[in-house]
């Protein structure tokens, strides 16, 4: 209770566009909006927006062929300029997360390609990329062990925890932590952090991310139910 | 990935339909598909949809030194990317002929037509000018990339605001958007490309060809024009012969289409400006159609984080406390060391086998000195920790000491290879070295 | 607080497997666990719904087939694709469960009838693009009446309506255009006219369902020839180009319409 009131108090002074308490920004998702890829989704978290397209299981280059599972590829494209080291490292994080949930063994010698395009970056970009990738994979009908979601949280200089931060909050933060969690038992699939934090704070962030993931998975379910409402 | 091949029956059907002046999506010959323009929250960001073809445009700017021969002109840079998202056949990182052709056409349409006043982008002549960069990303390819890209480029340029600057002497001050309102670019006119696809050696023509129509067309004529009916660039490709009246007719049609598109662009810009001014909602989230069943929105959600502290405490309390003692580093061979329990180092093994070979060869120079237990290893490491790179070979005596692991139990064999003095007592070289380092 | 609790209750909580019967025709998501009814009266305690024991024990077995989108993991039944859970009850046993999803990419399945495009002729086989991850092979002898002397007339780019005889994840798929008696049975090269277009796999299944009214309605509009491929391709031919185009557009539009909306559209078309 104490924490909550503390967080609320902190937030009240900020008087930002977001309400009091630890909250997620508004979410929006549109699936199957591109005609060419096998699956596509655009995911918005506040002003952050990512578009994802998935091809698969499709033909694979002989050089990349794996005899007992699908070759998973993630391409992340920045909005300005050419992809650099930051994009490569994010691609890898996303690829490893997807690898953990996609049942690649069902489609050996094929490729599953996820192309992500940053539409606008206003904080929590990696989390938004993960969410867009998940919805696009679902849209493409790629078999998966579970759904997954990305949650970013930051720790302020005074240790206040903020979920789904904006770009400004990310910049001012002491530590930025991004987690990928699965939908079956909210287990950690991937985590990447920047900055300094104690192990107690790490566990706090993780617990908060798990609480937030419930909302994201709920959002997934609602939007998919709507999508299949006419079939 | 390969493109799905076009079957003979599709080709035949398309051509026959064109002869009968029918199009797959029910359009007339001169009809454009629906154009939808949406803006992002950032300035200079837009998505243009031409039917199912989608292009994302983003303009950015940077202060750079000008080109030597154009000291008072800003720099315009265009870059269209065909990402694999748009079509499976577009491979990442490959400059295809199509991409080069499209980029060149865009440059001719927008830069060479001088639609942007590049002189107004000069900050300090010969020293600092603005470089305006237009990034265009094709998101979905359903034909007529160039028209969609040219619309996206000009819309993004019109929408863009650059930070205000002031010059005092040689000092250039950049203002943040909070300090001074960013300024728009000065745009002389708005060129827009209009594509005409020709079939049956130019007998039939279609405006705004779709992807399937592009696959069966014989040639393509692109006319870039502004609303004053000034032709900015014209390009015919595919090797068809056109009569001059055909080209004239196309330019007339282009004039009409450009007027329509320009009006649409201005309306879209006006709407966005209004929304921003009134402080209403804008950005891509607002442009998602609510009535679509594939789309869903959620208002911001409060997350109950009241128990995170307790949870964290619980987990930490339950977790095994991390070992307080930091294990001592172990030195295996020169240049490799290890802290804690890790992967067995394979360097030592290699060395071992090599040495065995040497032994078989009857080389006497490598001498295995009696087994020294772990304490020797620690000693050797303390040498390392005091003086980071453990290079023991640069001694004056030309003496090399190699500490080697034995598999199990952990034994460290000290091997001394010496040119002058063949044999050395067991522990002595290590100790001696240590003393020397301390003395240093 | 109350909201959060409600969310938690609806979420995919661990160990909160739902009974397959209660979620029939509802949307299921990857990762969910399903429980099949224990039909054995001698079951332990007769607790009703309990995890199906797929490994045959002493109790009598109930044969349940898990179709696309479902996966057996140990003795649990897990969902791997998003869509509506469907069930079909055959004569005896537990029937077939599968997930009806709206995907676009086709994965070859043995016995499926598909429309392919011939992409190459190499030696005595044709390579046929079916939209899967690799082209299917089709022997030139796999046509009705074909012999070594009497080769079928197939060109690159032609459309083939055929059936898979070999289709599994580890092998190149193989098609034939004859049934087990050597008859064409409707299969073979599709005519040179008509229009080919692509729809989602879900729509094809919907159109081919025995209780689907769309085909009958479409048939009332114009006389037509139509071929459905399970790989999401439809070939249609009517008397005129105009009619063919109308038919193609109607079928494409059926994707996102409810039965009532479809009825309205068809009645409006029949009037005009």
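The values are calculated or read from the model by the stated rules, or taken from the named source; none is laboratory data. What you are looking at is a predicted structure, and each value in this text was computed from that prediction instead of being measured. Glycine also receives a Cβ, built like all others from the backbone with ideal geometry; neighbour counts cover every protein chain displayed.
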Of the residues B:268, B:285, only one is modelled with pLDDT under 90, in a helix (DSSP H, G or I) and crowded, with 20+ Cβ neighbours inside 10 Å; which?
B:285
If I ask for residues that are out of contact with any strand residue (DSSP E or B) (no Cβ under 6 Å at 6 or more places or on another chain), more than 13 Å from every other protein chain (Cβ to nearest Cβ) and more than 15 Å from residue A:204 (Cα to Cα), which ones from region A:146-165 would you list?
A:157
What is the one condition in (1) touching a strand residue (DSSP E or B) at 6+ places or on another chain (Cβ under 8 Å); (2) under 23 Å from residue A:54 (Cα atoms); (3) surrounded by 18 or more Cβ atoms within 10 Å (Cβ to Cβ) that residue A:218 does not satisfy?
(1)
Considering each residue of region A:111-122, count those that are in a loop (DSSP other than H, G, I, E, B) and buried (at least 24 other Cβ atoms within 10 Å of the Cβ), and give that number.
0
Any idea which of (1) in a helix (DSSP H, G or I); (2) under 17 Å from residue A:25 (Cβ atoms) is the one residue A:162 doesn't satisfy?
(1)
Evaluation of residue B:210 against (1) within 30 Å of residue A:49 (Cβ to Cβ); (2) surrounded by 17 or more Cβ atoms within 10 Å (Cβ to Cβ); (3) touching a helix residue (DSSP H, G or I) at 6+ places or on another chain (Cβ under 7 Å) (one fails), failing number
(3)
Leading residue by the ranking (farthest from the other protein chains (Cβ to nearest Cβ)) among those in region A:205-231 that are touching a residue at least 60 places away in the same chain (Cβ under 8 Å) and within 16 Å of residue B:306 (Cα to Cα)
A:213
Is it fair to say residue A:169 is part of a helix (DSSP H, G or I), in contact with a strand residue (DSSP E or B) (Cβ under 7 Å, 6 or more places away or on another chain), more than 8 Å from chain B (Cβ to nearest Cβ) and crowded, with 19+ Cβ neighbours inside 10 Å?
yes
Does at least one position in region B:85-99 carry a residue that is away from every other protein chain (no Cβ under 12 Å), within 22 Å of residue B:159 (Cα to Cα) and at pLDDT 90 or above?
no
Out of (1) touching a residue at least 60 places away in the same chain (Cβ under 8 Å); (2) closer than 23 Å to residue A:39 by Cβ, what's the single condition that is false for residue C:98?
(1)
Looking at residue C:18, is it modelled with pLDDT of 85 or more, touching a strand residue (DSSP E or B) at 6+ places or on another chain (Cβ under 7 Å) and surrounded by 14 or more Cβ atoms within 10 Å (Cβ to Cβ)?
no
Reported set for region A:154-167 where residues are under 18 Å from residue B:300 (Cα atoms) and more than 16 Å from the chain's Cα centre (by Cα) is A:161, A:162
Region A:178-204, subset free of Cβ contacts under 8 Å to residues at least 24 places away in the same chain and more than 14 Å from chain B (Cβ to nearest Cβ), residue farthest from residue A:44 (Cα to Cα):
A:196
So which of A:42, A:49 ends up being more than 7 Å from chain B (Cβ to nearest Cβ), assigned to a strand (DSSP E or B) and under 19 Å from residue A:152 (Cα atoms)?
A:42
Could you list all residues from region C:108-131 that are assigned to a loop (DSSP other than H, G, I, E, B), surrounded by fewer than 23 Cβ atoms within 10 Å (Cβ to Cβ) and either at negative phi or without any contact (Cβ under 8 Å) to a residue 24 or more places away in the chain (or both)?
C:109, C:110, C:112, C:123, C:124
For region C:160-194, which residues satisfy the criterion of being in contact with a strand residue (DSSP E or B) (Cβ under 6 Å, 6 or more places away or on another chain), crowded, with 20+ Cβ neighbours inside 10 Å and within 14 Å of another protein chain (Cβ to nearest Cβ)?
C:160, C:161, C:173, C:190, C:194
